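Reviewing the structure listed below.
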Amino acid sequence: MIRVMITDDHLIVREGLRLILETADDIEVVGEAVDGAECLELVAKLNPQVILMDLQMPRMDGITAIEHLRKDFPEIAIVILTTYNEDDLMIRGLQSGARGYLLKDSSRENLLDAIHAAAKGETLLKPEILARVLAPQTQPKPEATTQIESTLTERELEVLQSAARGERNKEIAYKLGITERTVKAHLQSIYQKYGVDSRAAAVAVAAQKGLLGI
C-alpha cells in the first residue's frame with residue numbers, strides 16, 4: 001500500500017482527492033493537512049510515502065514546507081498540486097525537491113500515475129518543464145560535450161527519450177523488448193556519462209543538447 005497525505009487549504013479539494021484515491025486498491029490516504037505547518041506537524045506521526053502538496057496556503061506555504069521536508073524527511077516523495085501548468089511557484093517547488101506536479105483538474109488516471117511514479121522514486125515531467133527546473137544545475141562543461149555525445153549508445157538514447165516522454169521503467173522495457181533491470185543499467189550508464197544522479201537531470205541535459213527535439 002502506498003501511504004498518501006493530502007495538504008491543501010481547500011476542503012473541497014481534499015475531499016475530492018480522497019474520494020478518488022480511495023477507489024485505488026493500493027493507495028491509503030493516511031491523513032490531511034490544511035497548510036504547510038500542519039503538514040510538518042503530522043508527517044512524523046502519519047509516516048506517508050507520498051505527499052500531495054498545494055503551494056499557496058495560509059500560515060506556511062507549500063514551497064517552505066517542501067524545503068523543510070526535503071531536509072528532514074528526504075525519503076518522502078512530494079507531488080505538487082497546482083492550478084496552472086507552468087506557474088513560477090510550481091517551478092520553484094520542483095527546484096526545491098518535489099518529484100512532480102499535478103494540475104488540480106487532472107484525471108483520475110493522471111493522479112494515480114503521478115502517485116505511483118513518485119512512490120517508486122520516478123519523476124513524470126514534460127521535458128520542457130525538466131529543462132526549466134534543472135538547467136542551472138545540469139549544464140555540462142563545454143569541453144565534455146563531444147565525449148558525452150560520442151559515448152551515448154543508440155539504445156541509451158532510446159531509453160532516455162522514452163524516459164523524457166514520462167514512460168516508467170516497466171513500460172520502457174516492454175516497448176524495447178528488454179528487462180527492467182537492463183533499463184536501469186542503461187539509465188545508470190547515462191547518469192555516469194552525463195555526470196548526474198537522476199533520470200530527471202539526465203533528461204534535462206539531453207533536452208538542452210537538443211537530443212529530445214524540444
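The values are calculated or read from the model by the stated rules, or taken from the named source; none is laboratory data. On a predicted model such as this, the values are computed, not experimentally measured, just so you know. Glycine also receives a Cβ, built like all others from the backbone with ideal geometry; neighbour counts cover every protein chain displayed.
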Elements of type strands (runs of 3 or more DSSP E) contained in the stretch 5-88, each with 3 or more residues being at pLDDT 95 or above and over 18 Å from the mean Cα position of the chain (by Cα): 27-33
Scan of the stretch 75-109 for residues that are under 16 Å from L21 (Cβ atoms), in contact with a helix residue (DSSP H, G or I) (Cβ under 6 Å, 6 or more places away or on another chain) and among the charged types (D, E, K, R), ordered by number: R108
Any hit, the stretch 120-127, residues being at pLDDT 80 or above and touching a strand residue (DSSP E or B) at 6+ places or on another chain (Cβ under 6 Å): no
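In the stretch 143-150, is there at least one residue being at pLDDT 85 or above and either acidic (D, E) or not assigned by TED's automatic domain parsing to the domain that holds I91 (or both)? Please lay out each step first, then the result.
Narrowing the stretch 143-150 to residues at pLDDT 85 or above: none.
Among the residues of the stretch 143-150, not one is at pLDDT 85 or above and either acidic (D, E) or not assigned by TED's automatic domain parsing to the domain that holds I91 (or both), which makes the answer no.
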Count of the stretch 147-197 residues which are crowded, with 17+ Cβ neighbours inside 10 Å and closer than 23 Å to A119 by Cβ: 16
